[in-house]
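To start, the structure under review is shown below, and the notes come after it.
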Amino acid sequence: GGVVFDRIAVTTWNTRPRSSGLPVVSVVGAGSRFDLSSVKTLLLGGNENFSSSQLFEAKDGGVLDLSEVTSLEILDGGYTADFRETNGGRILLTKLGGVVGDSLVRFEFDNPNNPLPALTNGVGVSFTVKSGQSLTVPGLTTIGGRFGSYVVPSGSTLTLPAVTSITGKTIDLPSGATLNLPNLTVLTNTYLTLNGTAQFNCGQLTNIDSS
């Protein structure tokens, strides 16, 4: 069962020059697959007179194949792009190396086994860890931008082993949540709240300006 669409041959997908709301990409159901593996670059953002949010989702076993995307660029100015997996859906972003643009790009995975192995630069990146799960993003080194937060529920763990600096973020950990940043040394203009038994495991902080 399911529906497969594999007739896309473009290498750059630009959602910006639109006179209406931003497109929603939703792949639903086991056996369903939207093949965008020809795309190398995503250019996101759109018309501010309409919706400023954009959704890419895979749920109930559906697969959204963006496996050859290496770069994601979102317009400055408060746009939002959500990449969301639910109930066994998969969004393939195995070659995504960088996120650029002073807006918000949120990732919520239902497959926490290294879903972003190539990501090293994450301006405006936000991670939501599902309840009871663990998420590791091994190569990310720097996190910045005005937008973005980390949602780690009680009983969940987010590990960012290569991150050395965080700038301009909000981190609010509920009791029982764990955020591992073993090499973090710089925390700039960041709000950090630890509740109850929350754990914030980091390196020796040498700069905490405006935090």
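FYI, it's all coordinate maths here, none of it is from the lab. The shown structure was predicted, so the numbers you read here are calculated from the model rather than taken from an experiment. Every residue, glycine as well, gets a Cβ built from its backbone with ideal geometry; the counts of neighbours run over all protein chains shown.
Rg/Rh for region 1-152: what does it come to with C-alpha atoms and Rh from Kirkwood?
0.94
Counting each pair of different Cα atoms once, what's the Kirkwood radius of region 166-211 in Å, rounded to one decimal? Walk me through the numbers before you get to the answer.
Values: mean 1/r = 0.0929 Å⁻¹.
Across region 166-211, the inverse of the average 1/r is 10.8 Å.
Tell me, what is the percent relative contact order of the chain, built from C-alpha pairs under 8 Å that lie six or more residues apart? Show your work: numbers first, answer last.
On the way: 694 pairs, mean separation 24.7, N = 211.
RCO, the chain: 12 percent.
Assuming R0 = 41 Å, can you tell me the calculated FRET efficiency for the pair Ser37 and Thr142, based on Cβ-Cβ distance, to the nearest 0.05? Kindly include the intermediate steps, with their values, before the conclusion.
Working: r = 28 Å, r/R0 = 0.68.
For Ser37 and Thr142, the calculated efficiency is 0.90.
What FRET efficiency, computed as 1/(1 + (r/R0)^6) with R0 = 25 Å and r the Cβ-Cβ distance, is obtained for Asn14 and Leu55, rounded to the nearest 0.05?
0.90
Excluding same-chain residues fewer than 8 positions from Lys130, which lysines have a Cα within less than 23 Å of its Cα?
Cα-Cα hits under 23 Å: Lys59, Lys95, Lys169.
Using a cut-off of 15 Å between beta-carbons, work out the net charge of the residues near Val63 (Lys and Arg +1, Asp and Glu -1, Val63 not included). Walk me through the numbers on the way to the answer.
Working: positive: Arg33, Lys59, Arg84, Arg90; negative: Asp6, Asp35, Glu57, Asp60, Asp65, Glu68, Glu85, Asp110.
Combined, the nearby Lys, Arg, Asp and Glu give -4.
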